[in-house]
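Undergrad: Mind looking over this structure? Questions follow.
Every number in this text was worked out from the coordinates using simple rules, so none of it is lab data. Since the structure is predicted, the reported quantities are computational estimates derived from the model, not experimental observations. Note: ideal-geometry Cβ built from the backbone for every residue, glycine included; neighbour counts use all protein chains shown.
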Number of protein chains: 2
Amino acid sequence: MMQSDHPYYAVIFTSKRSPEVTDGYHATAELMIELAKEQPGFIGVESARAADGVGITVSYWQSEDAIRKWKEHSEHLDAQSKGRSSWYEWFHVRVCRVEREYTFGASDERE
Amino acid sequence: MMQSDHPYYAVIFTSKRSPEVTDGYHATAELMIELAKEQPGFIGVESARAADGVGITVSYWQSEDAIRKWKEHSEHLDAQSKGRSSWYEWFHVRVCRVEREYTFGASDERE
């Protein structure tokens with residue numbers, strides 16, 4: 001992932017998937033990542049989901065305004081609606097300002 | 001997880017585990033979670049690791065001072081040293097201020 005000047009912003013999306021995920025979840029999840037990457041102010045994204053269905057996705061942005069615009073993107077709004085109605089038992093979104101950071105090892109391997 | 005007044009702080013720990021994790025990793029990882037919970041200013045923790053070894057752990061704290069003290073806790077320092085020498089190919093730590101958040105569904109199930 002590219003480094004970025006401070007401050008920049010992180011959106012922490014913690015979620016629990018419904019036990020039976022159907023109806024286009026995976027295709028939509030991939031599409032949202034691809035679409036996010038095209039948005040102005042996007043810096044990078046990291047994601048992990050454990051076998052119990054709990055997942056954390058963190059996306060990084062240059063400004064709160066960029067985050068707001070992505071939240072209101074029409075295809076993203078459709079996905080959010082589907083997320084509420086079908087895909088997630090719960091989710092929690094936190095918008096954060098990254099104050100400082102440090103790295104060990106070859107994290108530049110990541111996107 | 002308990003809610004907390006804003007602002008509060010998140011530490012995003014993104015890591016890639018070494019392919020062969022031995023030498024007490026799991027016991028230490030569990031112990032660090034238990035120890036963190038006992039620290040002043042601790043609010044909560046969320047964690048997910050995918051099959052490819054990439055994991056994200058986010059811990060939440062009432063102040064930057066609480067984060068600093070936990071970073072310097074002697075048993076935590078030992079674990080950090082072991083993490084660098086043995087357990088992780090890379091990791092990235094970001095200290096963030098949580099600005100705002102919203103929730104869908106029964107996220108209070110979580111610790």
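Undergrad: Quick one: pull the percentage of alpha-carbon pairs in the stretch A:62-111 with a separation above 13 Å.
TA: 73
Undergrad: Taking a label point 7 Å from Cα toward Cβ, how far is B:GLU75 from its twins in the other copies, in nm, shortest first?
TA: Shortest to longest, the spacings are 4.8 nm.
Undergrad: Too long at a 25 Å Cα-Cα cut-off: which of A:LYS16/B:LYS69; A:LYS82/B:LYS37; A:LYS69/B:LYS71; A:LYS37/B:LYS71; B:LYS37/B:LYS82?
TA: A:LYS16/B:LYS69; A:LYS82/B:LYS37; A:LYS69/B:LYS71; A:LYS37/B:LYS71
Undergrad: Return the FRET efficiency for the residue pair A:GLU34, B:ALA27: r is the Cβ-Cβ distance, R0 is 45 Å, and the value is rounded to the nearest 0.05.
TA: 0.70
Undergrad: Between beta-carbons, use under 10 Å as the cut-off and find the net charge around A:ILE56, counting Lys and Arg +1, Asp and Glu -1.
TA: 0
Undergrad: If you don't mind, another one. Placing the label point 7 Å from Cα along the Cα-to-Cβ direction, what are the distances from A:ASP5 to the equivalent spots in the other copies, shortest first, in nm to one decimal?
TA: 3.4
Undergrad: Along the charge dipole of the protein assembly as shown, Cβ charges K/R +1 and D/E -1, which of B:SER59, A:SER81, B:VAL98 sits furthest on the positive end?
TA: Most positive-ward Cα: B:VAL98.
Undergrad: Please compute, over every Cα-Cα pair in the protein assembly as shown, the percentage with a separation greater than 26 angstrom.
TA: 35
Undergrad: Something else now. Principal axis extents for the stretch B:8-100, Cα atoms only, whole Å, descending order, please.
TA: 36, 28, 17
Undergrad: Nearest-5 percent of antiparallel DSSP beta bridges in the stretch B:8-100?
TA: 100
Undergrad: Further question: For A:TYR102 and B:ALA106, FRET efficiency with R0 = 35 Å and r from the beta-carbon atoms, rounded to 0.05?
TA: It comes to 0.50.
Undergrad: Give the residue from A:THR14, A:SER47, A:THR28 lying farthest towards the positive end of the charge dipole for chain A; charges sit on Cβ (+1 for Lys and Arg, -1 for Asp and Glu) and the dipole is referred to the Cα centre.
TA: A:THR14
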